[in-house]
Amino acid sequence: MATGLDSQAQDILRTNDRGGYTVPTAGLYPYQWNWDSAFAALGFAQFDMDRAWVELETLFAGQWDDGMVPHILHHVVNPGYFPGPEVWGCNGPSPSSGISQPPVAGTIVRKLYELDPVMGEARARRLFPKLRRWHDWFLKWRSHEGAICITHPWESGRDNTPDWDGAMARIDPKDVGEYDRRDTSHVDNAMRPTRYDYDRYIWLVQRGRRLGWDQAQMAEDNPFFVADPTMTFTLLRSHRDLLALGEALSEDVAGMTDDIAQLEAGAATLWNDDLQSYDVRDTVNGAWANCISNASFLNWYAGIPSDGQAKHLDRIMDLVKYPLPSHDPASPKFEPKRYWRGPTWSMMNMMIGEGLIARGNPQGERLRDATMRLIRDHGFSEYFDPTDGSPAGGQSFTWTAAIWLAWASPNARRA
């Protein structure tokens with residue numbers, strides 16, 4: 001069974017390959033997405049190491065002069081997707097969006113290098129300064145009390161999580177104008193963000209464009225500037241890995257230890273004492289989201305143990321058949337099929353599971369086994385209903401195939 005699924009997963013990566021980059025899935029997502037590509041590279045590394053490096057090299061070819069790596073690179077014109085490059089109005093080296101995404105690439109580059117140091121040395125060495133500049137961009141423009149913030153829900157990768165509800169309610173999109181969203185022509189509307197959400201997404205894009213994507217202006221008086229566990233924990237983990245990689249390559253790592261200490265302090269500001277969980281902190285009014293999401297459990301991925309978070313993990317792991325849901329099933333806001341308001345995501349499971357396994361927590365292997373069963377029994381969907389495993393979102397999905405190959409498959413070759 002595993003061998004057959006390995007072949008299917010490889011075929012999905014090849015099918016979604018557009019020559020130097022992969023699309024997440026045909027139709028719904030026709031461009032190169034930032035963290036999708038990082039996970040795709042990890043999947044390619046299981047059977048084509050050169051192609052894995054090319055994926056990341058293509059991504060970083062789109063890096064802006066200020067160090068930012070966009071969340072979308074629009075390599076081709078595709079009128080079937082909204083918003084396209086004409087809406088973003090950016091001036092990077094290639095058509096792109098004006099925001100970034102969780103910086104998991106540093107961790108993936110280290111993994112690729114350790115899987116094959118001979119092939120990887122020169123390529124990792126070329127990517128190291130680009131990764132460092134990207135991390136520095138986050139630390140300069142997105143830091144609040146050491147935690148990393150987002151200026152748009154899409155920047156987190158967790159578009160419509162209940163974590164953003166409070167901040168999103170501050171936005172009045174009355175002047176957003178008419179637009180034709182295309183995602184619901186590919187996927188059931190019940191599995192996607194609502195029109196209420198989308199109006200606010202587009203309002204924030206229009207605001208960024210009016211400001212010329214000037215980072216200082218974007219942070220000033222922004223109704224949506226929230227400190228995010230996803231960003232904070234992934235940057236902390238990626239910076240640890242980049243430091244280790246830099247030391248292995250004898251690169252300049254000056255200041256990186258101080259950066260890590262700053263991020264650790266920032267992570268501590270995301271601890272909600274009342275909730276006894278890591279949570280989203282609204283920098284505009286200081287309010288907590290009071291949400292336990294799958295991002296709350298990325299603390300182990302970042303190398304930060306937590307007895308309090310472990311209690312929530314143990315509770316939630318027993319609430320659904322296929323953990324880990326993107327929102328607490330005990331919450332009235334839980335929706336098992338609506339994007340980031342409840343479904344299970346394989347790549348989040350991998351990051352959380354890796355962190356747990358590294359700390360010797362048995363829930364890590366349990367999570368890997370649940371992910372293996374989920375994909376084995378229900379296919380390579382974008383995400384899944386955690387209550388019964390039914391597939392949701394896009395199909396033949398790149399990162400689900402990649403996570404199978406690199407982590408969930410019994411044949412996975414792990415660094």
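Considering only the stretch 303-396, give the helices (runs of 4 or more DSSP H) lying wholly within it that have at least 2 residues that are open to solvent by 70 Å² or more (accessible area, probe 1.4 Å).
Fully inside the stretch 303-396 and qualifying: 307-317, 363-378.
Which condition number in (1) open to solvent by 30 Å² or more (accessible area, probe 1.4 Å); (2) closer than 22 Å to Met347 by Cα is the one that Gly212 fails?
Condition not satisfied by Gly212: (2).
Just checking, does the stretch 363-377 include any residue being of a type in the set (A, V, I, L, M, F, W, C) and within 16 Å of Asp36 (Cα to Cα)?
The answer is no, given that none of the residues of the stretch 363-377 is of a type in the set (A, V, I, L, M, F, W, C) and within 16 Å of Asp36 (Cα to Cα).
I'm told Tyr198 meets every condition in (1) of a type in the set (Ser, Thr, Tyr); (2) without any contact (Cβ under 8 Å) to a residue 12 or more places away in the chain; (3) crowded, with 18+ Cβ neighbours inside 10 Å except one. Can you identify the failing condition by its number?
In the conditions (1) of a type in the set (Ser, Thr, Tyr); (2) without any contact (Cβ under 8 Å) to a residue 12 or more places away in the chain; (3) crowded, with 18+ Cβ neighbours inside 10 Å, Tyr198 misses (2) alone.
Identify, by number, the condition in (1) of a type in the set (Val, Ile, Thr); (2) open to solvent by 10 Å² or more (accessible area, probe 1.4 Å); (3) within 17 Å of the chain's Cα centre (by Cα) that Val280 doesn't meet.
Failing condition for Val280: (2).
Only one of (1) assigned to a loop (DSSP other than H, G, I, E, B); (2) surrounded by 22 or more Cβ atoms within 10 Å (Cβ to Cβ) is not met by Gly106, so which one is it?
It is condition (1) that Gly106 fails.
Suppose the filter is open to solvent by 10 Å² or more (accessible area, probe 1.4 Å), on the phi > 0 side of the Ramachandran plot and either in contact with a helix residue (DSSP H, G or I) (Cβ under 9 Å, 6 or more places away or on another chain) or not hydroxyl-bearing (Ser, Thr, Tyr) (or both); does Gly89 pass it?
Here the answer is yes, as Gly89 does meet what is asked.
Here are the criteria: (1) more than 20 Å from the chain's Cα centre (by Cα); (2) closer than 27 Å to Asn411 by Cβ; (3) aliphatic (A, V, I, L, M). Tell me which single one Val87 does not satisfy.
(2)
Is the stretch 261-278 home to any residue that is in contact with a Leu (Cβ under 7 Å, 6 or more places away or on another chain) and over 30 Å from Pro129 (Cβ atoms)?
yes
Would you pick out the residues in the stretch 174-193 that are open to solvent by less than 50 Å² (accessible area, probe 1.4 Å) and either assigned to a loop (DSSP other than H, G, I, E, B) or in contact with a strand residue (DSSP E or B) (Cβ under 7 Å, 6 or more places away or on another chain) (or both)?
Passing the criteria: Val176, Gly177, Tyr179, Arg181, Val187, Met191, Arg192, Pro193.
Taking the stretch 307-322, which residues are under 22 Å from Arg376 (Cα atoms) and not β-branched (Val, Ile, Thr)?
Met317, Asp318, Leu319, Lys321, Tyr322
Can you name every residue in the stretch 92-103 that is farther than 25 Å from Trp407 by Cα and either open to solvent by less than 40 Å² (accessible area, probe 1.4 Å) or acidic (Asp, Glu) (or both)?
Gly92, Ser94, Ser96, Ser97, Gly98, Ile99, Ser100 - these are the residues of the stretch 92-103 that are farther than 25 Å from Trp407 by Cα and either open to solvent by less than 40 Å² (accessible area, probe 1.4 Å) or acidic (Asp, Glu) (or both).
Would you please name the residue that is surrounded by the most Cβ atoms within 10 Å (Cβ to Cβ), looking only at residues in the stretch 120-158 that are under 30 Å from Gln206 (Cβ atoms) and acidic (Asp, Glu)?
Ranking the qualifying residues of the stretch 120-158, first place goes to Glu155.
Please give the number of the condition Ser296 fails out of (1) open to solvent by 10 Å² or more (accessible area, probe 1.4 Å); (2) within 24 Å of Ala330 (Cβ to Cβ); (3) assigned to a helix (DSSP H, G or I).
(1)
Tell me which of these Ala254 doesn't satisfy, since it passes every other one: (1) of a type in the set (A, V, I, L, M, F, W, C); (2) open to solvent by 40 Å² or more (accessible area, probe 1.4 Å); (3) farther than 24 Å from Ala295 by Cβ; (4) touching a residue at least 12 places away in the same chain (Cβ under 8 Å).
Failing condition for Ala254: (4).
With Gly84, Gly67, Gly89 as the choices, which residue is at pLDDT below 95 and either out of contact with any Pro (no Cβ under 7 Å at 6 or more places or on another chain) or over 29 Å from Asp258 (Cβ atoms) (or both)?
Gly84
How about the stretch 300-318: which of its residues are in contact with a strand residue (DSSP E or B) (Cβ under 8 Å, 6 or more places away or on another chain) and either under 18 Å from Thr387 (Cβ atoms) or of a type outside the set (Gly, Ala, Ser) (or both)?
If the condition is that a residue be in contact with a strand residue (DSSP E or B) (Cβ under 8 Å, 6 or more places away or on another chain) and either under 18 Å from Thr387 (Cβ atoms) or of a type outside the set (Gly, Ala, Ser) (or both), then Gln309, His312, Ile316 are the ones that fit.
Being crowded, with 23+ Cβ neighbours inside 10 Å and not aliphatic (A, V, I, L, M) is the requirement here; does Asp36 meet it?
Judged against the criteria, Asp36 is a match.
The values are calculated or read from the model by the stated rules, or taken from the named source; none is laboratory data. Computed from a predicted model, the values in this text were never measured in an experiment. We place every Cβ from the backbone using ideal geometry, glycine too, and count neighbours over all the protein chains shown. In case anyone asks, the SASA skips ligands and DNA or RNA and just uses the protein heavy atoms, side chains included. Shrake-Rupley method; radii C 1.70, N 1.55, O 1.52, S 1.80 Å.
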